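Encoded as structure tokens, the structure appears first; notes follow it.
The values are calculated or read from the model by the stated rules, or taken from the named source; none is laboratory data. What you are looking at is a predicted structure, and each value in this text was computed from that prediction instead of being measured. Here the Cβ positions follow ideal geometry from the backbone for every residue, glycine too, while neighbour counts run over all protein chains shown. Each accessible area value is taken on the protein alone, full model and side chains, heavy atoms only, with ligands, DNA and RNA left out. Shrake-Rupley method; radii C 1.70, N 1.55, O 1.52, S 1.80 Å.
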Amino acid sequence: MQETIRFGTDGWRAVIARDFTFANLSRIARATADWLKKMGHVSPTVVLGHDTRFMGAIFASHVASTLAAEGVRVTLAAGPTPTPAISWATEAYNADAGVVITASHNPPEYNGYKIKASFGGPATPDMTAAVERHLLPFDRSYARPDGRNVREADLTSDYVQYLCTKFDLDGLRRSNLRIAHDAMFGSGQGIFSKLLTSNQVVELRSTVNPGFGGAPPEPIERNLAHLLAVVPDQNLDAGIANDGDADRIGVVDERGQMVTSHLVMALLARHLHKDCGLSGAIVRTFAVTAMLERMGRAWALPVETWPIGFKYVAPRFLETEVLVGGEESGGIAVAGHLCDRDGLYVGMLLLEMLHNRGLPLSALVQELFDEFGPHAYYREDVRTPRQLEIVQELKGGGGLRQIAGRQVKAVDTLDGFKHLMSDGWLLVRPSGTEPVLRVYAEAPTRSEAEELVHDTRAQFGI
């Protein structure tokens with residue numbers, strides 16, 4: 001029986017050797033080729049890359065040969081390559097699509113298949129649905145290795161050269177800024193040292209380790225203990241972490257405190273609007289801070305809210321003027337760059353902001369609190385066999401009535417169950433990429449956000 005392949009919030013992901021197999025890669029590569037041909041591309045072109053995961057190069061080579069056998073001309077990245085470099089190259093090289101063999105931030109036993117649209121952003125839900133419709137059972141007759149129509153290119157170097165044109169590197173290199181970069185064993189390693197100087201960057205987990213040290217390469221607080229300690233210990237200005245394929249970012253201030261992705265979006269919005277003079281919509285996904293609403297009202301900028309998954313954010317960059325767009329998991333895009341998440345570009349933009357403002361990162365965050373009110377965020381991912389049962393309970397009962405002593409004023413079901421309270425919110429939602437129930441909260445303080453999550457778990461006994 002063939003495994004059912006479904007695209008989640010960010011591509012198809014599966015456990016290596018269980019469902020992520022050469023046979024399934026052949027199926028999905030052929031479906032990608034068929035979709036491109038159905039779109040009218042007689043001889044489609046695809047940019048293809050992989051990250052540092054187990055057998056990434058071999059899986060990518062297999063996909064390249066399968067696409068080539070179907071008449072697709074493939075530009076194959078030489079070596080592990082950040083996903084933003086594939087997104088950039090897809091658009092810069094006028095390719096019809098991009099493909100990345102990556103499971104992003106998922107645990108090391110996973111790998112995955114992301115599709116990039118010709119505009120350089122994630123394939124839209126309509127596009128991935130079309131690929132799914134072209135999936136056929138595995139047939140050895142079409143799994144013919146074919147090295148024709150495949151050429152290699154150093155896409156990482158090309159992408160770094162592009163980044164060099166986007167920032168005042170001379171000014172940044174002359175500055176006193178010093179940072180730590182935690183590559184989390186992923187494909188973003190070494191990039192900041194190339195853009196700045198080696199004396200300015202303390203490299204952490206900057207080697208290839210397909211096991212990722214036994215933890216998911218996700219740049220969230222519980223996975224960044226070393227970075228949190230190194231920044232204040234070495235008197236650095238900031239810490240930047242990127243996930244396994246470098247499209248997400250985690251940020252640490254000079255005191256060794258996490259700056260949430262919500263606050264990173266707010267800092268970027270302020271920098272781009274106030275310092276750079278840009279305007280546009282603030283586009284967020286369902287689990288992102290309400291602070292952005294207050295910023296939008298203060299600056300007369302529209303604020304849009306979409307379901308979780310950057311694939312809903314990316315098209316807005318094509319349809320309207322967008323200042324900043326992103327999601328709570330650290331995937332952020334900004335005006336003047338790609339229609340896609342880029343943890344490397346965003347990191348450089350934050351360094352530009354620090355250089356220009358001349359204030360510590362913690363002081364810039366405090367400015368936001370002073371003007372728009374406090375923000376604290378907390379999330380737990382719960383593995384429970386009751387996941388579907390809990391979702392049905394919430395659906396049938398219209399959500400919870402009270403959480404940690406706070407009355408629920410309304411429940412928004414755009415994507416999951418978001419319980420709105422006078423000074424915060426609590427969201428319960430099944431993950432689109434992993435078999436877990438995500439419980440998110442925003443409140444004035446970290447302890448209050450934690451209380452909301454813990455009380456919700458207690459009410460469901462999980």
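Taking one quarter of the surface of the C-alpha convex hull of segment 154-246 gives a mean projected area of 6.2 nm².
For the chain, the share of DSSP beta bridges that are antiparallel, to the nearest 5, is 60%.
Please work out how much length the chain gains when fully extended from VAL42 to ARG297, using 0.36 nm per residue of separation minus the C-alpha to C-alpha distance, in nm with one decimal. Numbers along the way, then the final one.
Numbers: separation 255, 0.36 × 255 = 91.80 nm, distance 4.80 nm.
Separation in residues times 0.36 nm, less the Cα-Cα distance, equals 87.0 nm.
Calculate the FRET efficiency for ASP19 and ALA129 from the Cβ-Cβ distance with a Förster distance of 25 Å, rounded to the nearest 0.05. Present the calculation step by step, with values, prior to reporting the outcome.
On the way: r = 19 Å, r/R0 = 0.78.
Taking R0 as 25 Å, the efficiency between ASP19 and ALA129 is 0.80.
For ASP168, the solvent-accessible surface computed with a 1.4 Å probe is close to 90 Å², ligands and nucleic acids excluded.
Cα extents for the chain along the principal axes, largest to smallest and rounded to whole angstrom: 62, 60, 41. Rounded to the nearest 20 debye, the dipole size of the chain about its Cα centre is 840 debye, using +1 on the Cβ of Lys and Arg and -1 on the Cβ of Asp and Glu. Loop-resident trypsin sites (Lys or Arg not before Pro) (DSSP state other than H, G, I, E or B) in segment 375-462 with no more than 11 further Cβ atoms inside 10 Å of their Cβ: ARG383, ARG401, LYS409.
The Cα atoms of segment 1-159 cover 42, 36, 30 Å along the three principal axes, with the biggest extent listed first. Computed over segment 232-338, the alpha-carbon pair-distance distribution with 5 angstrom bins reads 2, 13, 23, 24, 19, 11, 5, 2, 0, 0, each value a whole percent. Of the heavy-atom accessible surface of the chain (probe 1.4 angstrom), what whole percent is carbon and sulfur? It is 49 percent, rounded to a whole number.
A probe of 1.4 angstrom, applied to the heavy atoms of all protein chains, finds TYR113 with accessible area near 0 square angstrom. Taken over segment 346-462, the alpha-carbon convex hull comes to 129 cubic angstrom per residue.
For the chain, what is the accessible area per residue in Å², given a 1.4 Å probe and the full set of protein chains?
Accessible surface, normalised per residue, equals 38 Å².
Largest to smallest in accessible area, the residues SER447, SER87, SER206 fall in the order SER447, SER206, SER87 (1.4 Å probe, all protein chains included).
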